[in-house]
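The numbers here are math on the coordinates, done by the rules we state, and not lab data. If you're wondering where the values come from, they're calculated on a predicted model, not measured in any experiment. Every residue, glycine as well, gets a Cβ built from its backbone with ideal geometry; the counts of neighbours run over all protein chains shown.
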Amino acid sequence: MAGGTGRQKGYLKLFASYYKPHWKLFLLDMVCALCICIVDLLFPMVSRWSMQTLLPQKLFAAFFGVMAALIGAYVLKGGLYYIVTYWGHLLGVRMEADIRRDLFAHMQDLSFSFYDKNRTGQLMSRVTGDLFEITELAHHGPEDLFISSVTILGAFCIMLTVQWRLALVVFAVIPIFILFTALTRKKMMRASIEVKAKLAGINGEVESSISGMRTAKAFANEQAESAKFNAANDQFRGAKRGYYRTMAFYQSGMEFFMGILSALVIAYGGYLIMMGQMDFIDLTTFALYVTTFITPIRKLSAFVEQFMQGMAGFKRFVELMGVEPDIQDAPDAKPLEHVKGDILVDDVTFRYDSSPEPVLDHVTLHVRPGETVAVVGPSGGGKSTLCQLIPRFYDVTGGRVLVDGQDVRALQQRSLREHIGIVQQDVFLFAGTIYDNIRYGRPDATEAEVVEAARRAEIYDDIMQMPDGFQTQVGERGVMLSGGQKQRVSIARIFLKDPPILILDEATSALDSVTEARIQSAFEELARGRTTLIIAHRLSTIRSAGHIIVIDGCGIAEEGTHEELMAKGGEYARLYSLQKSVSV
């Protein structure tokens, strides 16, 4: 229990820290809220004084003057509510933007392994849905809590001056309310967290289904996708049912306490009038304060629900922010400078967290500056994994990877990756223009440099035939372009980046032979003068490589030139002959 309380305080302290950059706006919100409380508290007292003093003494001018002042006060209250509503919500939005900024920056730092384990839709739920409820809490939470607390305390103090016996009856209900709230709070929090988890599951299914809609239609599996979504939706509905059951219990209890409070005031007030200890004006005034008293209690009730939802979202935010990247720069990490492109994979062993068996087992490979090395072998043999260790997307389990004689774990990740260009089989293009996607390779590139990169990638002519040229929209994930065009856009990116080390990860395996032949010359131009690793299924594309290695699932089974490996008659020769016969 102590640990849970400590964590709760930690959450609240961290949440409060996001108010600091916007303290002036927060202060404005609280001052306006205080003025609103004062207006609400003054009305019953001024009304009582007017009825007990001004009207009996026939001070009608003063009476109407006071009424005019009250009207002016409520006009002021309306203006203050405008400020609280507009600027208060703006405060919440600014805090939401700060939290989302921190969350996205943290997600940028997380390693490949994190995204291997988490679905995009679930992460989107945390970046959007959870943060919206945090915004509502950031704005309404302190404001409602402040207004309610000041109003309750002020109303109670004034009620004591009106009739202290009746005030004590009202105040006796408050501890019962607090105890009831405390007993239901924890259950509501658990239910709210479960709802958010189920909603994240739905978002994951939606993201997966929309991304794979073409595949689903191709296999006529729309009903299967609907069934998967409905299963997740039913889980969400069940979680919501549990949450609303808890919420209904809380709200019904609150309504009971509010109703019983009014009944107690009328009953005991009537008794005091019978005993001559109170008059009708005092009871009317007291009833007005009970109304004033009940309104903030209802706000506190709504605040409890808001607090549960907002803090549930904030806890999920803190949980995600607490995930440490598997790959981090060492405290004394150095930048990689004056890169020659010498790569040494030294006795490397690697296994994924989810697999007890190593993907690579004591692999050693030396790639000299400017050399082109092809990596071939069966699917799942570790070809891509080997190349992903060089830019340090994953850390080796054993051994080391050196670039220009420096262990990649001793280098700054950003600096290392700035000098490595990667062209993958599954090209990802961002929604936007062709120009923006090419310029992604070097965001500070000039228009002339972007055009030159397109020429060198042999995509310029295709672009100029499009309706809007370089400003043509590529669609989500480049859906408006052909496979060959997307691949050449990715090649143009690398030309623009101009890295000394190049990794081609099965970059043509998804293309037809004609398109592959067109792109091959672009690859040859791209690889000229760079240290290049080519991962390829089609062995016909790597015959010109100076060195070929065959990975068979644990390590390097064979290595040499094309002619040497064919002469050996081993695994490479078998794969080459098989592909040639299939091609024929």
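Model label sites at E452 and L90, defined 7 Å from Cα along the beta-carbon direction, differ in position by 4.7 nm. Using the Cβ-Cβ distance between F257 and F428 with R0 set to 41 Å, the FRET efficiency works out to roughly 0.10.
Full extension of the chain between I38 and S149 gives 38.7 nm of extra length, using 0.36 nm per residue less the Cα-Cα distance. Under the simplified labelling scheme, the Q108-T181 pair shows an inter-label distance of 4.1 nm, with each label point 7 Å from Cα along Cα→Cβ.
The H on the amide N of T397, modeled in the peptide plane, is under 5 Å from the matching H of T349, F350, R351, each at least 5 residues off or on a different chain.
Here the simple spin-label model places points 7 Å from the Cα toward Cβ, and for M67 and A557 these points are separated by 9.9 nm. Segment 101-119 to segment 313-388: how many Å between their Cα centroids? Taking the Cα centre of each part, segment 101-119 and segment 313-388 sit 17 Å apart.
List the GluC sites (Glu not before Pro) within segment 271-345 that fall in a DSSP loop (any state other than H, G, I, E or B) and whose Cβ has at most 11 other Cβ atoms within 10 Å.
Counting only loop positions with at most 11 other Cβ atoms within 10 Å, the GluC sites (Glu not before Pro) in segment 271-345 are E337.
Counting only trypsin sites (Lys or Arg not before Pro) that DSSP places in a loop and that have at most 15 other Cβ atoms within 10 Å, the longest clean stretch of the chain runs over 59-339.
In deg cm²/dmol and to the nearest 500, what is the mean residue ellipticity at 222 nm of the chain if only DSSP H runs of at least 4 residues count, each as -39500 (n - 2.57), divided by the residue total?
The helix contribution divided over the chain gives -22000 deg cm²/dmol.
I'd like to verify something in the chain: which complete DSSP H helices, judged by Cα projection on the helix axis, reach 24 Å or more and average at least -1.0 on the Kyte-Doolittle scale? Long hydrophobic helices here: 23-49, 60-109, 129-162, 164-211, 222-274, 280-321. Ranking L502, L183, L389 by Cα position along the charge dipole of the chain, where only Lys, Arg, Asp and Glu carry charges on their C-beta atoms, puts L183 farthest toward the positive end. Considering only M464, V265, L578, and ranking their Cα positions along the charge dipole of the chain that arises from unit charges at the beta-carbon of Lys, Arg, Asp and Glu, the one farthest toward the positive end is V265. For segment 20-321, the number of Lys pairs with C-alpha atoms closer than 24 Å, counting only pairs eight or more positions apart or on separate chains, is 29.
Under 19 Å of direct C-alpha separation, and excluding same-chain neighbours fewer than eight residues apart, K13 reaches these aspartates and glutamates: E96, D98, D102, D130, E133, E136, E143, D144, E319.
Computed over neighbours whose Cβ is under 14 Å from that of S384, the net charge equals -3, Lys and Arg +1, Asp and Glu -1. Under a model in which nothing but the beta-carbon of Lys, Arg (+1) and Asp, Glu (-1) is charged, the chain shows a dipole of about 2360 debye around its Cα centre.
Considering only the other residues whose Cβ falls under 12 Å of the Cβ of R400, what net charge follows from Lys and Arg at +1 and Asp and Glu at -1?
On the way: positive: R392, R409; negative: D346, D347, D395, D407.
So the environment of R400 carries a net charge of -2.
On the basis of the beta-carbon distance and an R0 of 45 Å, I266 and Y115 show a calculated FRET efficiency of 0.10.
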